[in-house]
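To keep things clear, I will list the structure first and then write my remarks on it.
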Amino acid sequence: MDAPPSTIPTLRLAADADGLARAAALIGAGHLVAVPTETVYGLGADATDPEAVAAIYAAKGRPRFNPLIAHVATIEAAQAEGVFDAFAKKLAAAFWPGPLTLVVPAAPGGSVCDLARAGLDSVALRVPAHATARALLERVGRPVAAPSANRSGRVSPTSVDHVLTDLGGRIAAVLDGGECPVGVESSVVACLGGLPRLLRPGGVTREALTEVLGFAPEAAGDPGSRPVGPGLLASHYAPRAGVRLDATRIEPGEAVLLLGAFRPAGLEHAATVESLSESGDPAEAATRLFGALRRLDASGAPTIAVVPVPEEGLGEAINDRLRRAAAPR
Ligand code: TXA
Ligand code: MG
């Protein structure tokens, strides 16, 4: 991908009244600001402004066929941008504000620009729960397009330092909201007529979606279902090191990602070890996942070996990200 033409000093703004006012003014003027959400940091810009949205794609090196999520402050604002069927209404009522993104038909009078939707007739909407994100969205007063604030294909950022490592010098500012509490991206559910489909597992578990719907959402790849999200590339979230899953034996010099009490054979030969959660708690593991992958990658080990991760709860989202990190590039 092409690098943007210039290097700019990236402001680090506190999440106070002054910082929020400056961040909102920058976004209003068409600039890029990284914003904390409960899932990961997003790279925000005015979703109604095609030039600002083009700058997101350029800063990330993101292919333009991959549409962005438009973030809004309220359910009412979301319903002005998209057409909600009964399933979408039910899911929004249950999980917004929160780590759920709904893909719905774009509303005729909606303001999210074509480029943010990658030219599709659908729109991805989310009302985030993070207090700083909500305060910013209220001040901006327009939908804010925000993909994860990482270079395209890299691990998503859960701290300001992660954002600056990837995008420092390429964006106007980052709002400092500390560490993201959920740690993996939102669940993406499409409600486009027919039954809801889970396009990407994430911060709202399949179990929680099933409980609210009264049935399990279709999987993106189910036979008869329509094409999956254009951004759901197999290789994604890629560290520099190779990633080896379901490791029960460690090769000398590997970096190791542990979960719970399980200890793979040969662990004593590991170059470095990180634990996602000593107790095996999937929520704690999700919070730590991207930071741990970044640290293990920075160790310089050729391979990151990951012990088996149970598929329950947030384990599904964790395994999804790990499989993409391990996919051939
Ligand atoms: O938690 C999150 O979702 C974070 C925070 C910042 O909100 N955002 C995020 O954005 O992860 P991004 O761009 O990295 O992932 C958005 C996903 C992509 O896989 C994209 O292809 C999909 O949502 N998506 C967006 N619009 C879509 C549409 N109209 N149809 C199908 N998939 C869509
Ligand atoms: Mg992303």
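Derivation of every value follows stated rules applied to the coordinates shown; laboratory data play no part. Note that the coordinates shown come from a computational prediction; the quantities given were computed from them, not determined experimentally. Backbone-built Cβ (ideal geometry, glycine too); neighbour counts: all protein chains shown.
Some notes on this structure:
- FRET E, pair Ile8, Arg244, Förster distance 35 Å, beta-carbon r, rounded to 0.05: 0.35
- If only the Cβ of Lys and Arg carry +1 and only the Cβ of Asp and Glu carry -1, the dipole of region 11-219 around its Cα centre is close to 360 debye.
- For the chain, averaging the sequence separation of C-alpha pairs within contact (under 8 Å, six or more residues apart) and dividing by the residue count gives a relative contact order of 19 percent.
- Likely footprinting exposure, Phe290, Phe84, Phe215, fewest C-beta neighbours within 10 Å first: Phe215, Phe84, Phe290
- Span from the region 47-74 Cα centroid across to the region 297-329 one, whole angstrom: 27 Å
- Once the C-beta distance of Thr272 and Ala93 is scaled by a Förster radius of 45 Å, the resulting FRET efficiency is 0.50 to the nearest 0.05.
- With the convex hull constructed from alpha-carbon coordinates only, region 1-134 shows a mean projected area of 8.3 nm² over all directions.
- Amide H contacts of Ala305 (H built 1.01 Å from N, in plane; Pro and chain starts excluded): Arg244, Ala255, Val256, Leu257 sit under 5 Å, all sequence-distant by 5 or more or on other chains.
- Spin-label pair Ser279-Arg329: with each label point 7 Å from Cα along the Cα-Cβ axis, the two points sit 3.5 nm from one another.
- 3J(HN,Hα) from dihedral phi, region 97-106, Karplus parametrisation 6.51/-1.76/1.60, rounded to Hz, x for glycine, proline: x, x, x, 10, 10, 10, 9, 10, x, 5
- For the chain, the longest principal axis of the C-alpha atoms and the axis of helix 86-95 are separated by about 60°.
- For region 316-329, 3J(HN,Hα) computed residue by residue from phi via the Karplus equation (6.51, -1.76, 1.60; θ = phi - 60°) reads 5, 5, 4, 5, 4, 5, 5, 5, 5, 5, 8, 5, x, 10 Hz, glycine and proline entered as x.
- The translational diffusion coefficient of region 242-326, from Stokes-Einstein at 37 °C and 0.692 mPa s with a Kirkwood hydrodynamic radius over alpha carbon pairs, comes to 264 µm²/s.
- Cα-based helix-to-principal-axis angle, 282-298 vs the chain, degrees rounded to 10: 70 degrees
- When the P(r) is computed for the chain, the part past 30 Å accounts for 32% of the Cα-Cα pairs.
- The GNM of the chain, with springs linking C-alpha atoms under 10 angstrom apart, assigns the highest mean-square fluctuation among Val189, Val212, Val163 to Val212.
- Over region 288-329 - Rg/Rh using Cα atoms and the Kirkwood inverse-distance radius: 0.97
- Taken one residue at a time, the phi angles of region 49-62 give Karplus couplings (6.51, -1.76, 1.60, θ = phi - 60°) of 10, x, 5, 5, 5, 4, 5, 4, 4, 5, 5, 7, x, 9 Hz. Gly and Pro are set to x.
- Cα long-axis angle, helix 131-140 against the chain (0 to 90 degrees, to the nearest 10): 30 degrees
- The ranking of Leu289, Leu276 by Cβ neighbour count inside 10 Å, starting from the fewest, reads Leu276, Leu289.
- Packing rank of 140-149, 37-46, where each peptide gets the mean count of other beta carbons within 10 Å, highest leading: 37-46, 140-149
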